[in-house]
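Everything on this sheet refers to the single structure shown next.
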Amino acid sequence: MENGLKNKVVAITGASSGIGEATALLLAERGAKVVLGARRLDRLAALADRIAATGGEVAYISTDVTRRADVANLVQLAKERFGRLDVLINNAGIGPISLLDELRVEDWEQMVDVNLKGVLYGIAAALPVFRQQEFGHFVAVASTAGLRVVPTMAVYAGTKFAVRAVVEGLRQEAGDKLRVTLITPGFVHTDFAESMTNLEVKAQILSARDKIGISAAAIARSIAFALEQPADVDVGEIIIRPTAQD
Ligand code: NAI
């Protein structure tokens, strides 16, 4: 695997907005070949056009991370179009947070399906490919909610704690040829609150985001840093949050 980002083949889930979109733009600008997955094809097509217009190499496919076959197809597209997969960024996530007393069980299930099972499907899709290639880099986007639980975030934090556990287990099992990185953002200025169903909680989160949220580009730079390291350097975790965050 080459050092740096030039020609690295990087697949990204949830690439149609926020951190995923910013990461696709930055990595493509630095010479990576990006393979974009998300559910909103119109947005992916527009992003792909932007990247191609500046000379970037890009492919995209409709990907719902709650479907194992979709995630497998994303990895497959990277192999078909660019001959290999260097990096899989498991970024897709939702946060319909609320107090447990509200019993919004469908929201709980959705968070488990997208935030946790989506990451597992990513591992299931890419691990055999990485093993066969004898190189590969897993990146998962967790959250500072995966470090500290606060009221309304029990289930969301549960999924992110679980991602942290799975990613640490993967790192230990990965051996000396694969790399595994957890990106742990604090408040980021994205449309993430759009996935929130409790309007009161959503308003609080939006207000905090508007006061202290850092840009998605800042998270993208932290991902680029982990990817750019030489193949024998494993950046285990980057915690990146606003200076103003508790
Ligand atoms: P966002 O809402 O802009 O991006 C999330 C992306 O995931 C969207 O493109 C959305 O369509 C996609 N997505 C949702 N469900 C999906 C599914 N079933 N299949 C495929 N794609 C799906 O929000 P943001 O902030 O960019 O979120 C990215 C990641 O960052 C998430 O994992 C989130 O938990 C995490 N995060 C966000 C923070 C924030 O303050 N915005 C803080 C900490 C972590």
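The values are calculated or read from the model by the stated rules, or taken from the named source; none is laboratory data. Since the structure is predicted, the reported quantities are computational estimates derived from the model, not experimental observations. Don't worry about glycine lacking a Cβ; one is built from the backbone with ideal geometry, like all the others, and counts go over all protein chains shown.
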Going through the range 152-207 in order, the residues found to be touching a Pro at 6+ places or on another chain (Cβ under 7 Å) and among the acidic types (Asp, Glu) are none
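ASP232: among the charged types (D, E, K, R), surrounded by fewer than 18 Cβ atoms within 10 Å (Cβ to Cβ) and not in a loop (DSSP other than H, G, I, E, B), yes or no?
Working: among the charged types (D, E, K, R): yes; surrounded by fewer than 18 Cβ atoms within 10 Å (Cβ to Cβ): yes; not in a loop (DSSP other than H, G, I, E, B): no.
No: the conditions fail for ASP232.
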With the structure loaded, tell me whether ILE123 is under 13 Å from the mean Cα position of the chain (by Cα) and more than 14 Å from the ligand (Cβ to nearest atom) or whether it fails that test.
yes
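Residue-wise test of (1) of a type in the set (Lys, Arg); (2) free of Cβ contacts under 8 Å to residues at least 12 places away in the same chain; (3) within 21 Å of VAL119 (Cβ to Cβ); (4) more than 12 Å from the ligand (Cβ to nearest atom).
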| site | (1), (2), (3), (4) |
| --- | --- |
| ASP191 | no, no, yes, no |
| LEU199 | no, yes, no, yes |
| LYS202 | yes, yes, no, yes |
| ASP234 | no, no, yes, yes |
| ILE239 | no, no, yes, no |
State the number of residues belonging to the range 15-42 that are crowded, with 22+ Cβ neighbours inside 10 Å and among the basic types (Lys, Arg).
1
Are any residues in the range 167-200 surrounded by fewer than 17 Cβ atoms within 10 Å (Cβ to Cβ) and over 21 Å from ALA15 (Cα atoms), and if so, which ones?
GLU168, GLY169, GLN172, GLU173, GLY175, ASP176, LYS177, THR197, LEU199, GLU200
Within the range 141-195, how many residues are more than 26 Å from PRO128 (Cβ to Cβ) and assigned to a loop (DSSP other than H, G, I, E, B)?
12
For the range 49-105, which residues satisfy the criterion of being more than 22 Å from VAL155 (Cβ to Cβ), part of a strand (DSSP E or B) and either within 14 Å of the ligand (Cβ to nearest atom) or free of Cβ contacts under 8 Å to residues at least 24 places away in the same chain (or both)?
TYR60, ILE61, SER62, LEU88, ILE89
Suppose the filter is closer than 19 Å to GLY31 by Cα and either among the small types (Gly, Ala, Ser) or at pLDDT 95 or above (or both); does ARG84 pass it?
yes
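Taking the range 26-48 only, how many residues are within 16 Å of the ligand (Cβ to nearest atom) and either over 20 Å from ASN115 (Cβ atoms) or part of a helix (DSSP H, G or I) (or both)? I'd like the intermediate steps shown before the answer.
First, the residues of the range 26-48 that are within 16 Å of the ligand (Cβ to nearest atom): 26-27, 34-48.
Within this subset, residues satisfying the condition of being either over 20 Å from ASN115 (Cβ atoms) or part of a helix (DSSP H, G or I) (or both) are 26-27, 34-35, 41-48.
Adding up the residues that qualify gives 12.
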Are any residues in the range 1-25 more than 17 Å from PHE138 (Cβ to Cβ) and part of a loop (DSSP other than H, G, I, E, B), and if so, which ones?
GLU2, ASN3, GLY4, LYS6, ASN7, SER16, SER17
Checking ALA220 against (1) more than 20 Å from ALA28 (Cβ to Cβ); (2) in contact with a helix residue (DSSP H, G or I) (Cβ under 6 Å, 6 or more places away or on another chain), the condition it does not meet
(1)
